[in-house]
Ligand code: DX5
Ligand code: ZN
């Protein structure tokens, strides 16, 4: 069998696994992380060739490359130097052209040459364009705007040989804007996935932000105002470089990742759980389930995923991507966070749980069956005539379903109503609502958000499944939602962003919310649609289609491999 790789975080549980592999005599090879150098590139945003040449002269003694911003007043609301100014540039320095234009192919063909062309992924409409643009002579890199999901870059890096990306840390158009910290999650994701990728950051870079950007994993720092407005250009370049190096060093010491080669575990697992015991909640209700062993919780979410596959395969319809993506959230809620009693679903003291995006109910049903609300065999009746497990949850049919759902955007309002009752009647129970990012296209969600804040519903926790997709494609393409954190904060909510597959983080965020009495909490759970199924992750067509025979087998094999990672059930 060909050996394959798993990437293990050498912290917490990951370290135990690494040591465990070694101790069990398995051949373990560790590799030292790649050495990352830092480069500062002055960004030139000017309107005439004369200014361009003057700027190049100013920085030429201090750098080996410059970045030229080109705008068309269409893709961005500003105009810069036109094509004429870009030919016959001074030699002895290399160039990267940052094309903030609607139709880059058309522009590139007029300035052929060996420079790097950084083209916005938002302006690419078919993959073949990359090859066509390469034919003009230069290297092609891809730029990405702050609201665009980083996953949009992956197919180009994986399949089209893209070696350089430009992460915009401002919305493009002007220099002198404020660095958007949130883009660092993109840098981190890219660096983790593609260790050799050239990651450039552009916008708001100065000696402070360059340290953070490099610490996140960026290795090229493009800066305009911090260089050209400085008293001494060489000093400012050096300052940005030095702090970039400090960031790089921090990144390297933080990078406690090692690559382990081992035969027999062919699944890439990027984030193993931390083996931490969680404190028991003091307000445990009658029959409440409190599993505090994180490994057991991961085994449960794996069982939930396996049952989702089996149910959808049997039903020949349903929604797998969102159900898979939420399995860790469901496991954390039903086996640790919620006070509930499967043997007495109408126990008055129970926490109320509302699933707003009802179409992911296979995940909820599988979780409820694990918890003992009904026999697991019943799962196979999903979507069948007369079944209690309909394609969207029905309160009157299945005890334990708190609210029927299906029409999107309504669950948060229902949850607000419940939380209001609990608050007015001074009840101790809390309300949890899982909703999706796509649902945020509905105005009703925002009305509910306003109301929850008006009534200071500290007993309400919403968990948004931020998986970036909806039925028609990527959420940021259909109706851009970002910046979501800021929006919810502006609406008066307490906001916590987490990795929605890290059960420890899910539980901690829910516990943290308990300490906020005067605001509702929105937990933005970043998840992967189709999580753990190799052919399903991030593929929008799996939003609402069931796996066929062969696909179900592959999916279950994938999940079995994942399960091995967590060891035995006991
Ligand atoms: C923004 C441009 C940037 C900009 C950087 O649209 O792509 O290159 O000029 O300017 P500062 O460094 O001032 O944010
Ligand atoms: Zn630029």
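The values are calculated or read from the model by the stated rules, or taken from the named source; none is laboratory data. Note that the structure is a prediction, hence the values are computed from the model and not measured. Counting neighbours? That spans all protein chains shown, and the Cβs are built from the backbone with ideal geometry, glycine included.
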Among the numbered criteria (1) at pLDDT 95 or above; (2) within 13 Å of ligand 2 (Cβ to nearest atom); (3) touching a helix residue (DSSP H, G or I) at 6+ places or on another chain (Cβ under 9 Å), which one does residue 212 miss? (2)
Consider only pairs whose beta carbons are under 7 Å apart and that are at least six residues apart or on different chains; among these, list those whose first residue lies in the range 143-162 and is closer than 14 Å to residue 130 by Cβ and whose second residue is part of a loop (DSSP other than H, G, I, E, B) and away from ligand 1 (no atom under 16 Å from the Cβ). 156/162; 157/194; 157/197; 160/127
Just to be sure I understand, how many residues within the range 88-138 are within 29 Å of the chain's Cα centre (by Cα) and assigned to a helix (DSSP H, G or I)? 8
For the range 72-96 the number of residues that are touching a residue at least 40 places away in the same chain (Cβ under 8 Å) and within 12 Å of ligand 2 (Cβ to nearest atom) is 3
Examine the range 23-40 for a residue that is over 27 Å from residue 191 (Cβ atoms), within 12 Å of ligand 1 (Cβ to nearest atom) and at pLDDT 95 or above, and state whether such a residue exists. no
For the range 41-72, enumerate the residues that are closer than 25 Å to residue 191 by Cβ and surrounded by 16 or more Cβ atoms within 10 Å (Cβ to Cβ). 41, 42, 43, 63, 65, 66, 67, 69
What are the residues in the range 181-205 that are within 15 Å of ligand 2 (Cβ to nearest atom) and free of Cβ contacts under 8 Å to residues at least 40 places away in the same chain, if any? 183, 199, 201, 203, 204, 205
Using the structure shown, decide if residue 66 is part of a loop (DSSP other than H, G, I, E, B), modelled with pLDDT of 95 or more and either under 32 Å from the mean Cα position of the chain (by Cα) or within 16 Å of ligand 2 (Cβ to nearest atom) (or both). no
Look at residue 478 and say whether it is within 19 Å of the chain's Cα centre (by Cα), over 26 Å from residue 296 (Cβ atoms) and in contact (Cβ under 8 Å) with a residue 24 or more places away in the chain. yes
Residue 299 passes all but one of (1) more than 20 Å from residue 566 (Cα to Cα); (2) modelled with pLDDT under 95; (3) part of a helix (DSSP H, G or I); which number fails? (1)
Pull up the range 212-231, narrow it to residues that are within 15 Å of ligand 1 (Cβ to nearest atom) and assigned to a loop (DSSP other than H, G, I, E, B), then point me to the one that is nearest to residue 163 (Cα to Cα). 218
For the range 398-417, what are the residues that are crowded, with 22+ Cβ neighbours inside 10 Å and in a helix (DSSP H, G or I)? 411, 412, 415, 416
Pick out the one residue from 167, 205 that is within 10 Å of ligand 1 (Cβ to nearest atom), modelled with pLDDT of 95 or more and crowded, with 24+ Cβ neighbours inside 10 Å. 205
